[in-house]
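Encoded as structure tokens, the structure appears first; notes follow it.
Read the figures in this text as sums done on the coordinates, not as results from a lab. Remember, predicted model here, so these are calculated numbers, not experimental data. Don't worry about glycine lacking a Cβ; one is built from the backbone with ideal geometry, like all the others, and counts go over all protein chains shown.
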Ligand SMILES: Cc1cc2nc3c(=O)[nH]c(=O)nc-3n(C[C@H](O)[C@H](O)[C@H](O)COP(=O)(O)OP(=O)(O)OC[C@H]3O[C@@H](n4cnc5c(N)ncnc54)[C@H](O)[C@@H]3O)c2cc1C
């Protein structure tokens with residue numbers, strides 16, 4: 001406690017210090033209430049995953065669905081009132097013994113973070129190639145799992161998680177963005193999909209989402225119908241551009257201008273046409289094969305986007 005009976009210089013200094021400490025304490029309390037309490041609220045108490053070091057958790061496969069010729073959806077069981085415990089944008093590590101060796105890979109869940117009783121992942125299945133007979137080790141193992149099989153899981157992992165109302169937790173700091181500019185390639189859609197599903201649901205806080213989604217052909221698009229439905233349902237919040245690297249142009253595909261289509265690799269011209277103007281309010285997210293990630297990051301940087309996150 002600071003107590004001054006006279007107006008000496010020393011006491012004035014003490015009073016100023018006390019006031020500054022008071023303001024800082026109130027500021028910290030408001031910050032805690034506004035952000036951290038919300039973060040805790042979203043990362044619900046009954047979440048399965050509490051620490052990435054804890055590798056003792058197991059989940060059971062309860063559903064497997066073919067989404068495209070080489071992409072599968074997996075549904076994993078949680079307790080009835082349990083959530084997974086991740087923020088949208090974070091990922092898990094799945095591990096198993098394969099050929100007597102412990103093998104792990106990261107996956108970005110796509111189900112809503114508040115979903116109780118189960119969570120879902122989407123995986124592109126690779127297979128052996130001439131050069132590498134072990135290619136696709138974990139994804140083909142997942143594909144071979146029978147319903148009822150168990151797998152080890154740990155998490156949450158990741159440098160970026162969405163809190164609420166445009167607030168993100170990025171490298172332990174809260175940052176606010178009104179607009180998301182996403183570039184996804186193939187199964188790199190998964191972290192974007194969870195964010196898109198969550199953010200478009202937040203009707204009281206209408207952030208805008210721009211998605212450039214690149215695939216070899218239209219047969220490779222994951223959740224094609226869902227993305228086009230969002231483009232139709234949220235015409236002033238969700239802007240979809242489908243890019244095909246190995247397909248010739250087919251303007252018939254573009255219904256009523258609800259989404260854009262582009263052919264070939266992404267370049268500066270495409271981003272300048274379909275992305276929001278670069279500003280501090282825009283968070284750019286990139287997820288795909290390594291070569292696409294580095295090309296996309298270079299293009300975004302040269303166009304002046306400053307907040308770029310590569311998953
Ligand atoms: C943060 C993070 C999140 C991820 N989330 C997801 C997700 O949600 N869904 C998902 O499907 N993947 C995701 N991945 C990738 C995943 O972790 C695995 O790398 C992927 O499933 C491949 O593992 P694998 O053992 O089957 O193949 P590996 O043999 O380990 O393959 C490694 C890479 O080599 C390439 N490759 C392998 N086989 C072939 C082939 N036959 N033809 C062409 N290229 C090939 C692919 O680029 C592949 O990713 C994520 C990765 C990270 C780092």
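Here are the numbers for this structure:
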| quantity | calculated |
| --- | --- |
| Shape metrics for segment 162-240, restricted to C-alpha atoms - Rg then Dmax, Å | 12.9, 39 |
| Whole-angstrom gap from segment 204-238 to segment 45-61, using each part's C-alpha centre | 31 Å |
| Along principal axes, Cα extents of segment 125-199, largest first, whole Å | 45, 29, 22 |
| Ordering of 301-308, 107-114, 91-98, 224-231 by burial proxy (mean other Cβ atoms within 10 Å per residue, highest first) | 107-114, 91-98, 224-231, 301-308 |
| Cα shape, segment 207-250, gyration tensor, a/c 1.5 rule | prolate |
| Taking N as its residue count, the alpha carbon Rg of segment 58-157 over 2.2 N^0.38 Å | 1.07 |
| Equivalent ellipsoid, segment 184-304 (semi-axes from 5 times Cα gyration tensor eigenvalues, Å) | 20, 19, 14 |
| Average Cα contact separation per residue, segment 160-310, under 8 Å, 6 or more apart, as relative contact order % | 25 percent |
| Segment 87-226: Rg to Rh, with Rh as the Kirkwood radius over Cα pairs | 1.00 |
